[in-house]
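Trainee: I'd like to ask you about the structure that follows.
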Amino acid sequence: MFNDIGPLELVTIIVLAVLVFGPDKLPKVIQDVMRTIRKIREFSESAKADIREELGPEFKDFDFEDLNPKTFLRKQLDNDELGLKEIRNGFDLKKEMAEVTEAVQSADTPSSAPSSSGRLDMTKKPEDPEKDDRPPFDADAT
């Protein structure tokens, strides 16, 4: 539940709890919090048991973690019925990246005239570098 809390954060929470509730009320607050967490867990387990009972015997292997979209997708993609493992293993990322890099680098080479392959130079180049197309600056307009 609290896997991502470090020791410094835990000490900070304890110090804040002592400052907010005081050392004499802190044990009672901890007991109340633990009792509430226990009741929530019991309620959750009873709800799961009720749902399993209502679903019937054909869903006795049903796992509620499967309702999490990430878990569901992971289980479905690990299933080899679709042949996805072959596709995943046949995909070489380094090779694909090398091909893309080569294609980009070959496209970046400047050409003075259009090549015979019909490719157009789509880079924006000013026809007359001395000509300034920008409108004059108007200090009153800003």
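Trainee: What is the gain in length, in nm to one decimal, between V29 and N89 on full extension, counting 0.36 nm per residue of separation less the C-alpha to C-alpha distance? Write out the running numbers ahead of the final one.
Mentor: Details: separation 60, 0.36 × 60 = 21.60 nm, distance 5.41 nm.
Here the answer is 16.2 nm.
Trainee: Just read off the accessible area of S46 with the full protein assembly in place, 1.4 Å probe, to the nearest 10 Å².
Mentor: Roll a 1.4 Å probe over it and S46 shows about 50 Å².
Trainee: Give me the net charge of D66's neighbourhood, meaning all other residues with Cβ under 12 Å from the Cβ of D66; Lys, Arg count +1, Asp, Glu -1. Intermediate values should be presented prior to the final figure.
Mentor: On the way: positive: K70, R74, K75; negative: D61, D63, E65.
Neighbour charge sum, excluding D66 itself: 0.
Trainee: With a sphere of radius 14 Å drawn around the Cβ of S44, what net charge do the other residues whose Cβ falls strictly inside it have (Lys, Arg +1; Asp, Glu -1)? Present the calculation step by step, with values, prior to reporting the outcome.
Mentor: Numbers: positive: R38, K39, R41, K48, R52; negative: E42, E45, D50, E65.
Its environment carries a net charge of +1.
Trainee: Next up: Could you tell me the calculated FRET efficiency between D61 and Q105, based on Cβ-Cβ distance and R0 = 35 angstrom, to the nearest 0.05?
Mentor: Values: r = 53 Å, r/R0 = 1.53.
For R0 = 35 Å, the calculated efficiency reads 0.05.
The values are calculated or read from the model by the stated rules, or taken from the named source; none is laboratory data. Because the structure is a prediction, the values reported are computed rather than measured. When we count neighbours, we look across all protein chains shown, and the Cβ atoms used for this are built from the backbone with ideal geometry, even at glycine. Quick note on the areas: whole protein, heavy atoms, side chains included, nothing else; ligands and nucleic acids left out. Shrake-Rupley method; radii C 1.70, N 1.55, O 1.52, S 1.80 Å.
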